[in-house]
Structures are given as C-alpha cells and as structure tokens.
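Engineer: Let me give you the structure first, and then I'll get to my questions.
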Amino acid sequence: MSTGDLDTARDLLEAASSIVVFTGAGMSAESGIPTFRDALTGIWANHDPMTLASPEGWASDPDLVWAWYADRATRVRSVAPNAGHLAVAELGRRRGVTVSVVTQNVDDLHERAGSVVASHLHGSLFAPRCQDCGRPESSDLAAATPRPACPLCGSTLRPGVVWFGEPLPSDDWRRAENVLDDADLMIVVGTTGVVYPAAELPERTCAAGVPVIEVNPEPSAVTTFATVRLAGPATQMLPDLLARRDQS
Ligand code: BV8
Ligand code: ZN
C-alpha cells in the first residue's frame, strides 16, 4: 500500500462527519475468529459452512448445527476485541463525528470494544430464540448443550443468526439504510463483498457519490469501486488511518 493511499484515506476521514463503518468476518479474524472463507478446522473440518448456516442444514441435523453455533459462541466469549475494534470505538468517541457500525458479523466484539452497533445484518450468536413461538432467550443459552427447549412452548431454540436463504431482520436492515442515508463516508473492513443483500450497501454508498475506504489485505468485490483500499490487516490499517497526522 502506498503512503499516498493512507494520505488519501486520512483526507477523506478528516473531511467526514457522518461515518458508516461496514464490517465483515475479516474484522474479527485477528481476534482469533476464523472468517467464513477459512476452511473449518478441528471437529468441523468435514463440514461446509454454507450447509451448516442454512435452514436445510438445520432441518437435517439440528443438534449438529446447534453444536456448531454453541462452539462459535464459546470461542467468541474466549477471545477479546482486537486493535481494529478498539480503533473503531475510539473513532466513535471523537467530537464532531457520528460513527455508525453496520456489521455482517454475528459476534459481539464491536460492542465489547465500546462501539454501539447500529445493525447486525446477519443476527447474533448471542440471541437464540424459539423456532416456533419466537420467544427470545438469554444470551447465556447460546452456548448451552444439549440444545435447550423453549421454556414457554417446549419447542426447540434456534441460533439467532440469519441463514443463507433467510431474509435479513427488517429492523436491522432499516437501521442500516437510515445511517447510510446520512453518511458522508463509509469505511468497509474485512469483507469479500459477495453476500447479498448486505453487499448492496457499500455499492449503494458508492453510487450515491459517497467515498468508500476499504481495509482488506486482499482485493475484494468492494475494491472494484472503493475510492481507496488500505491493503493490510485491520489491526494495523485502522489505527494508522485514525492516527492524528501530527502524531504519526
Ligand atoms: C437472502 C450468519 C432472500 C450465519 C451469514 C441461492 C439460494 C438462496 C440465496 C442465495 C442464492 N444465491 C445467492 C443467494 C443470496 C445469498 C448470497 O448472497 N449468497 C452468496 C454466497 C452468493 N444471500 C442470502 O441467502 C441472504 N438472504 O438472500 O434471503 C430472501 C428474501 C426474502 C424472503 C426469503 C429469502 C442471507 C445471507 C446471510 C447469510 N448468513 N452469516 C453464520 O455466521 O453462520 S453470511 C456469512 O458469510 C457471514 O456473516 C459473512 O457475512 C459472510 C461471509 O462474508 P465476509 O464477512 O465477507 O467474510 P469472508 O470470510 O467471506 O471474507 C473475509 C474477508 O476478510 C476477506 O475479504 C479477507 O481478505 C478479509 N480479511 C481476512 N483477514 C483480515 C481481513 N480483512 C481485514 N483484516 C484482516 N486481518
Ligand atoms: Zn417457544
């Protein structure tokens, strides 16, 4: 990455007052949470995440799918937010700037770093709910095994995430659209930009003439339209982007 890219990105940041930070699995990678593209490891090595993260996968083996999410929830609880999460939270505390986090991630690392998350587009590992009566259950049950029954109707709890083929939560989608309407900058961190309809949001931002800064060590679908790409990991690029010029 050239220092020119960092200067360009810093100019864009300094000029912005309403920023949307749009994040994907790469945001949590350096906290030790594998991205969706990473091959599943250990006991999950022989499973396809696209199958596990689908209604069909759930229907065919709810115990297996529940165990995968319980394992992921346990893993998230055992790691910490990284320097990238902390940089986003610090940006949100700056005077004169409104920062809205819109994440595709189902972990709570942005919240634990101190950010307020405007939208969890794909739900949360920590919001299990009854698959029949819809009653939301305590986040403590997210990692409970075996799969807990609904205390209200006795049916089974399901993970509170959005599976492939399922619609995104309308409230989260509306909140994401609302913050996009006011944005004068989007920072996209750690996403391939190929999962829809979430991937529409950076595209719409660009189409509206709002600058897009991408943070990703690899090119992605976002790279094709981003104003500038900071080619490196989130824990390095975000602190560099936010560093006050007189301090760098
Ligand atoms: C919908 C929750 C319609 C679950 C997720 C055929 C049938 C059905 C649907 C479709 C179909 N074909 C297409 C679709 C639409 C489908 C879709 O987009 N599929 C893709 C694969 C083509 N979308 C859907 O199904 C959506 N629903 O369309 O519903 C509908 C409407 C009305 C009524 C009924 C139905 C639902 C999509 C949501 C799926 N759920 N997550 C779970 O987590 O288990 S998506 C899941 O995958 C993640 O949440 C994440 O969003 C996504 C993976 O994308 P990324 O976040 O980008 O992560 P990835 O691993 O791909 O990449 C990591 C990136 O980070 C890389 O670029 C890497 O370079 C970078 N990186 C790595 N390290 C770092 C880094 N960056 C910075 N720093 C680092 N250190
Ligand atoms: Zn129930």
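The values are calculated or read from the model by the stated rules, or taken from the named source; none is laboratory data. Just so we're clear, the structure is a prediction, and the values are computed from it rather than from any experiment. Neighbour counts are summed over all protein chains in view; Cβ atoms, including those assigned to glycine, are modelled from backbone coordinates with ideal geometry. When the accessible area is computed, the model is the full protein with side chains, heavy atoms only, and any ligands, DNA or RNA have been set aside. Shrake-Rupley method; radii C 1.70, N 1.55, O 1.52, S 1.80 Å.
Engineer: Determine the sum of side-chain charges near residue 233: Lys and Arg each +1, Asp and Glu each -1, restricted to other residues whose C-beta is under 11 angstrom from that of residue 233. Don't skip to the end; give the middle numbers.
Structural biologist: On the way: positive: none; negative: 30, 218, 240.
It works out to a net charge of -3.
Engineer: I've got another one for you. Report the trypsin sites (Lys or Arg not before Pro) located in the stretch 77-176 that are in a DSSP loop and have at most 11 other Cβ atoms inside 10 Å of their Cβ, or state none. Let's see the in-between values first.
Structural biologist: Working: sites: 77, 93, 94, 95, 112, 129, 174, 175; in loops: 93, 94, 95.
Answer in residue order: 93, 95.
Engineer: Now for a separate question. Peptides 11-23, 96-108, 149-161: what's the order by average Cβ count within 10 Å, highest mean first?
Structural biologist: The densest-packed peptide leads the list: 96-108, 11-23, 149-161.
Engineer: Which far-off residues, 5 or more places away or on another chain, put their amide H under 5 Å from the one on residue 18, with H placed in the peptide plane?
Structural biologist: Answer set, sorted by chain and number: 98, 184, 185.
Engineer: Hey, another quick one. Pop out the carbon and sulfur fraction of the accessible area of the chain as a percent, whole number, probe 1.4 Å. Walk me through the numbers before you get to the answer.
Structural biologist: On the way: 5900 of 11260 Å².
Roughly 52 percent of what the probe reaches on the chain is carbon or sulfur.
Engineer: Under the rule of at least 5 residues apart or a separate chain, name every residue whose amide H is placed under 5 Å from the amide H of residue 150.
Structural biologist: When sequence neighbours closer than 5 places are left aside, the close amide H contacts are 155, 156, 157.
Engineer: Residue separation times 0.36 nm, minus the C-alpha to C-alpha distance between residue 59 and residue 3: what's the value? Don't jump to the answer; show the numbers that get you there.
Structural biologist: Values: separation 56, 0.36 × 56 = 20.16 nm, distance 5.06 nm.
Extra length available between residue 59 and residue 3 comes to 15.1 nm.
Engineer: What share of the DSSP beta bridges in the chain is antiparallel, in percent to the nearest 5?
Structural biologist: Working: 5 of 26 bridges.
Restricted to the chain, the bridges split so that about 20 percent are antiparallel.
Engineer: Count neighbours as other Cβ atoms within 10 Å of each site's Cβ, and list the trypsin sites (Lys or Arg not before Pro) in the stretch 188-248 that are DSSP loop with at most 12 such neighbours. Display every interim value, and only then the final one.
Structural biologist: On the way: sites: 204, 229, 244, 245; in loops: 244.
Those satisfying the criteria are 244.
Engineer: Taking only C-alpha pairs under 8 Å that are 6+ residues apart, what is the relative contact order of the chain in percent?
Structural biologist: This gives 25 percent for the chain.
Engineer: Moving on. Considering the options 167, 224, 114, tell which one lies farthest towards the positive end of the dipole of the chain, charges being +1 on Lys and Arg and -1 on Asp and Glu at the Cβ, about the Cα centre.
Structural biologist: Ranked along the dipole, the leading option is 114.
Engineer: Follow-up question, since we're still on this one. Expected output is a single nm value to one decimal: the length gained when fully extending between residue 152 and residue 17, i.e. 0.36 nm times separation in residues minus the C-alpha distance. What is it? Please list the in-between numbers first.
Structural biologist: Numbers: separation 135, 0.36 × 135 = 48.60 nm, distance 4.59 nm.
Difference between extended and current length: 44.0 nm.
Engineer: Taking a point 7 angstrom from the Cα of residue 51 along the C-beta vector, which residues in the stretch 132-168 have backbone N less than 16 Å away?
Structural biologist: 164
Engineer: Each residue of the stretch 214-227 in turn: what ³J(HN,Hα) in whole Hz from Karplus with 6.51, -1.76, 1.60 and θ = phi - 60°, glycine and Pro shown as x?
Structural biologist: 9, 10, 6, x, 10, x, 9, 5, 6, 4, 5, 10, 5, 5
Engineer: Mind checking which of 124, 96, 17 is farthest towards the positive end of the stretch 1-155's charge dipole, using Cβ charges of +1 (Lys, Arg) and -1 (Asp, Glu) about the Cα centre?
Structural biologist: After comparing all options, I get 96.
Engineer: Measuring with a 1.4 Å probe in the full set of protein chains, what accessible area per residue, in whole Å², belongs to the stretch 197-245?
Structural biologist: Working: 1970 Å² over 49 residues.
In whole numbers, the stretch 197-245 has 40 Å² accessible per residue.
Engineer: Something else: With the cut-off at 31 Å, report for the chain the share of all Cα pairs above it, as a whole percent. Show your work: numbers first, answer last.
Structural biologist: Details: 7406 of 30628 pairs.
Result: 24 percent of Cα pairs exceed 31 Å.
Engineer: Another question, if that's okay. Suppose every Lys and Arg Cβ carries +1 and every Asp and Glu Cβ carries -1, with no other charges. What dipole size does the chain come out with about its Cα centre, to the nearest 20 debye?
Structural biologist: Numbers: 19 positive and 31 negative charges, 98 e Å.
About 480 debye.
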